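Taking it in order: structure first as structure tokens, then the write-up.
Where a number appears in this text, it was derived from the coordinates with a stated rule and is not lab data. As the structure is a computational prediction, the values presented were derived from the model and not from experiment. Heads up, the Cβs are rebuilt from the backbone with ideal geometry, glycines too, and the neighbour counts pull from every protein chain shown.
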Amino acid sequence: MGTVLEDRASVGQASPPGLRAPTPGRPMRRGGGTERAGDRVARTAATAAGATILVALAGVGLFLLARGLPAVRAGQGDLPEGASSFWQLAGPLAFGSIWAAALALVFAIPVAIGVALFITMYAPRRFAGPLGAIVDVLAAIPSVVYGLWGLMVFAPMTAGLYGWLATHAGWFPLFAGQPSATGRTILTAALVLAVMVLPIIAAVCREVFGQTPTLAVEAALALGATKWEMIRMAVFPFARSGIVSGAMLGLGRALGETMAIAMVLSPTPFLVTIRLLGNTNPNTIAAAIAQNFPEAYGMEINALIGLGLILFVITFVVNYLARRMVARGARQGA
Amino acid sequence: MAVIVLDRAPTLTLTTRTVRRGRRAANTAATWVIGVLFILALVPLASLAWTAFSRGLARFDTDFLTNSMRGVVGAGGGALHAVLGTGLITGATIALSVPVGIAAAIYLVEYGRGAFARTVTFLVDVMTGIPSIVAGLFAYTVFSLVLGPGARSGLAGALALSLLMIPNVVRTSEEMLRLVPDDLREAAYALGTPKYRTIGKIVLPTAMSGIVSGVMIGVARIVGETAPLLLVAGYSDAMNYNLFSERMTTLPVFIYQQWKFKGTDVAAYDDRAWTAALMLIAFVLVLNLSSRLVARVFAPKTR
Amino acid sequence: MSTAIDITSLNAYYGSFQAVADVSLTIAPRSITAFIGPSGCGKSTLLRTLNRMHEVIPGARVTGSVSVDGEDVYATGVDPVLVRQRVGMVFQRPNPFPTMSIRDNVLAGVRLQRRRLSRHDGDDVVERSLRAAGLWDEVRDRLGKPGSSLSGGQQQRLCIARAIAIEPDVLLMDEPCSALDPISTLAIEDLMAGLRASYTVVIVTHNMAQAARISDKTAFFTIDGARKPGRLVEYDDTTTVFTSPSQQATADYVAGRFG
């Protein structure tokens, strides 16, 4: 390792004691290949992990396709719920998934925006973190617990309201028909879904509201704007794309949600209706898979896998659009 | 100040006042609406928490924690088999997804360049959006290919959950690794350190508290998953210590089971469901809280 | 003996942008050489080519040669990792490892290179390096505390201790005082004067007074405009560069007329 240069007197300057002379002439070349073994192992392992993700996802696509495709040609007798063709099964379920998720968004978006505004703009700053954490708790609760709550607590509470709505607002197409006595309708399911996606949308909104340029806020306030006018002038214009992408993320989550719907909703096969309060309701893809899979066999399983593939494609498109919007928003913000 | 001056100007007084009154009313209304919306969001949470507490405490006893449901009809019984199943399946999921997730994040941050890295990033995004039931179907197709249709096992459940957890781990780890200042990498390189040791000894330890915290949140998320396990791990009433064969129940599936297959003594089944729900909520919240704690306490003190 | 550095027709690029054009100069062993010049003149880039840190940045590349003790560090088969073990570096911003104590920071290089070290030898290296960096008396009682608990000037001296703990032949310093207060700057200048006895030191600095105070030789670089590469204008004894430079540009710069 070299020798200790004890004699500092020869150096003249007020040099620090105990400095060791370097060892010149150490090699700069190394035997073996151009890359160290450790580096090769690390790089290969990391790349393999990246490739695993690719393989896994390709696997999901291919396996679902291979097992789901036969169901498209299957006929009556082989399919779940006595469907006569795969599309008779898939069409109404796809409608139900999109309908329920869209309803959930209609309820969740305004509340999420309100929640985010309250936390970022109205609550005292030191409470912002804790309040945000409380809203995030909504996202942490497992969906099966939401299902249990929706079914045993929430749905019974709604039944009376639905009866009243059907009697007094039955002329409105959404509220028409015989109201459900149990409250286990698509509207109830959508409301439970809304509670579940609310924290996702609120989180994105909080982030974009928090990034409002201070300059714009101060400019608005300097013009004598009230707080609400400031929010409309300075906060919303910058946040629009963020709100939309948050809503899309929520939509993706709502489309894929299974247990809350499977437990809360009392479905009727092959039904397509926009009536919200009735005792017959359309089902969703995810819930139908969960309800039918445990007892399914043979071609029924293939049909359910085919349904899963359709759900996968729908959520993929929604999430892809959401991410593209996030990316575009980020680029504009920069 | 300017407003007061305007108020005194006789010609402007009337219009300014009414306009101001209208604007102030709108502002007050908006404040109220926003406050009410915030409260509205918390109502379900309060109702859910209250129900879970009041109904869940009914069976929160030693019997519940020491018994399975084997041979139980009506009252009694417990969720020990489900707690065991949750532990085993969650453990297996962590073992499958954490190494792959962290390694993939290292690839993206430290090695990934060009088209392949961009593809992986994109696929991680896609994977984040996979509905949990689709992950369950995938695990079913993989395992039924090997073991034949109808095969159920805890491992298949863990595979499905891994598919949901891996993108989570990749995302948080990637974020944490990117937060490690390049200064530190350069400092290590300048000391004559090979890249792999720089990653292993400097970059990973610096990011570790964030990664652990992220993994804990990921675990909190998958521990409540029900749908995929319903498909591939199935229901069971009895203890199953073996991940590789036979049905295995977890706490969320136990809740579903108690609701779905009620006997005549409905209250006994509902009570068990709520007790399990209370346990699950408590566990998830503890995980979330401790993840915040880990992130804060063990974070390296960078400037 | 310490080590001389020969730079021959060196060009450095970031992608398609050329940062340094055709620099040739010889740095004498056991001396302090200062690189000065206006912002963007490529002096830091040139410094980073000397221990192959330049190529760490994606897209960065180098042509020409840099010989350390007669061996070209850019020759095929040369391992940059081993080059950096002989040519150490201190950065502009102090960058102690935040997960490590003061003691572990000093030993980081040794440990990262996987050299075995007994507890006793470790103590020895820690004390010797911290003494050399003029930090020992300030931290001897709190070696177990995190490195980031120190002040900026102390952190920078800790980084110097860390760099010399691995016993390099050459020490490169990239504006080591630009983030520090005057007192810490003075401490580091004192310490560099001591390092000259055993090391070949190359320092990039914005501070001409600093270059004049501490260096034996000075190289002046400039650029001819935005997006143009930096080039070497003049390289001579520090006193010559500051009192009777041969180039008008140098005279203008050291007189504070631009840059």
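Return the residues of the stretch A:215-232 that are more than 12 Å from chain B (Cβ to nearest Cβ) and more than 19 Å from residue B:34 (Cα to Cα); say none if nothing qualifies.
Correct list: A:215, A:216, A:218, A:219, A:220, A:221.
Take residue B:137 and decide whether it is surrounded by 24 or more Cβ atoms within 10 Å (Cβ to Cβ) and either in a helix (DSSP H, G or I) or within 18 Å of the chain's Cα centre (by Cα) (or both).
yes
Pick from the stretch B:117-148 the residues that are at the interface with chain A (Cβ under 7 Å from one of its Cβ atoms) and of a type outside the set (Val, Ile, Thr): which of them is nearest to residue B:234 (Cα to Cα)?
B:137
Test residue B:226 against the criterion of being more than 14 Å from chain A (Cβ to nearest Cβ) and either within 30 Å of residue B:150 (Cα to Cα) or within 25 Å of the chain's Cα centre (by Cα) (or both), and give yes or no.
Against the criterion (more than 14 Å from chain A (Cβ to nearest Cβ) and either within 30 Å of residue B:150 (Cα to Cα) or within 25 Å of the chain's Cα centre (by Cα) (or both)), residue B:226 does not qualify.
Here are the criteria: (1) more than 13 Å from every other protein chain (Cβ to nearest Cβ); (2) without any contact (Cβ under 8 Å) to a residue 24 or more places away in the chain. Tell me which single one residue C:167 does not satisfy.
(1)
Taking the options B:146, B:98, B:142, name whichever one is closer than 15 Å to residue B:218 by Cβ and either surrounded by fewer than 22 Cβ atoms within 10 Å (Cβ to Cβ) or in contact with a His (Cβ under 8 Å, 6 or more places away or on another chain) (or both).
Unique residue meeting the criteria: B:98.
Residue C:204 versus (1) over 19 Å from residue C:54 (Cβ atoms); (2) away from chain A (no Cβ under 14 Å): which is the lone unmet condition?
(1)
Starting from residues that are among the small types (Gly, Ala, Ser) and outside any strand (DSSP E or B), keep the ones in the stretch C:71-88 and report whichever is farthest from the other protein chains (Cβ to nearest Cβ).
Top of the filtered list is C:75.
Filter the stretch C:109-146 for residues that are surrounded by 13 or more Cβ atoms within 10 Å (Cβ to Cβ) and either acidic (Asp, Glu) or in contact with a Cys (Cβ under 9 Å, 6 or more places away or on another chain) (or both) and give the result.
C:121, C:123, C:124, C:127, C:133, C:138 - these are the residues of the stretch C:109-146 that are surrounded by 13 or more Cβ atoms within 10 Å (Cβ to Cβ) and either acidic (Asp, Glu) or in contact with a Cys (Cβ under 9 Å, 6 or more places away or on another chain) (or both).
Give me the helices (runs of 4 or more DSSP H) completely within the stretch A:187-265, filtered to those with at least 2 residues that are surrounded by 24 or more Cβ atoms within 10 Å (Cβ to Cβ), ordered by residue number.
By residue number, A:236-256, A:259-264.
What are the residue pairs meeting all of these: first residue in the stretch B:90-115, first residue under 15 Å from residue A:45 (Cβ atoms) and more than 8 Å from every other protein chain (Cβ to nearest Cβ), second residue of a type in the set (Lys, Arg) and surrounded by fewer than 21 Cβ atoms within 10 Å (Cβ to Cβ), Cβ atoms under 7 Å, and 6 or more apart or on different chains?
Pairs found: B:109/B:178.
Of all residues in the stretch C:198-228, how many are of a type in the set (Ser, Thr, Tyr) and outside any loop (DSSP other than H, G, I, E, B)?
Selection size over the stretch C:198-228: 3.
crowded, with 23+ Cβ neighbours inside 10 Å, more than 23 Å from residue C:47 (Cβ to Cβ) and in contact with a helix residue (DSSP H, G or I) (Cβ under 9 Å, 6 or more places away or on another chain), is that true of residue C:102?
Against the criterion (crowded, with 23+ Cβ neighbours inside 10 Å, more than 23 Å from residue C:47 (Cβ to Cβ) and in contact with a helix residue (DSSP H, G or I) (Cβ under 9 Å, 6 or more places away or on another chain)), residue C:102 qualifies.
Which one of these does residue A:152 not meet: (1) under 30 Å from residue B:257 (Cα atoms); (2) away from chain B (no Cβ under 14 Å)?
All conditions are met except number (2).
Assigned to a loop (DSSP other than H, G, I, E, B) and either crowded, with 23+ Cβ neighbours inside 10 Å or touching a residue at least 60 places away in the same chain (Cβ under 8 Å) (or both) - does that describe any residue in the stretch C:229-251?
Yes, the conditions are met somewhere in the stretch C:229-251.
Between a first residue in the stretch B:163-186 that is over 30 Å from residue B:232 (Cβ atoms) and more than 8 Å from every other protein chain (Cβ to nearest Cβ) and a second residue that is in a helix (DSSP H, G or I) and charged (D, E, K, R), which pairs have beta carbons less than 9 Å apart while being 6 or more apart in sequence or on different chains?
B:177/B:110
How about the stretch B:220-229: which of its residues are within 12 Å of residue B:158 (Cα to Cα) and part of a helix (DSSP H, G or I)?
Hits for the stretch B:220-229 are B:222, B:223, B:228, B:229.
For the stretch C:89-135, which residues satisfy the criterion of being over 20 Å from the mean Cα position of the chain (by Cα), of a type in the set (D, E, K, R) and facing chain B (nearest Cβ under 10 Å)?
Those that are over 20 Å from the mean Cα position of the chain (by Cα), of a type in the set (D, E, K, R) and facing chain B (nearest Cβ under 10 Å): C:111, C:114.
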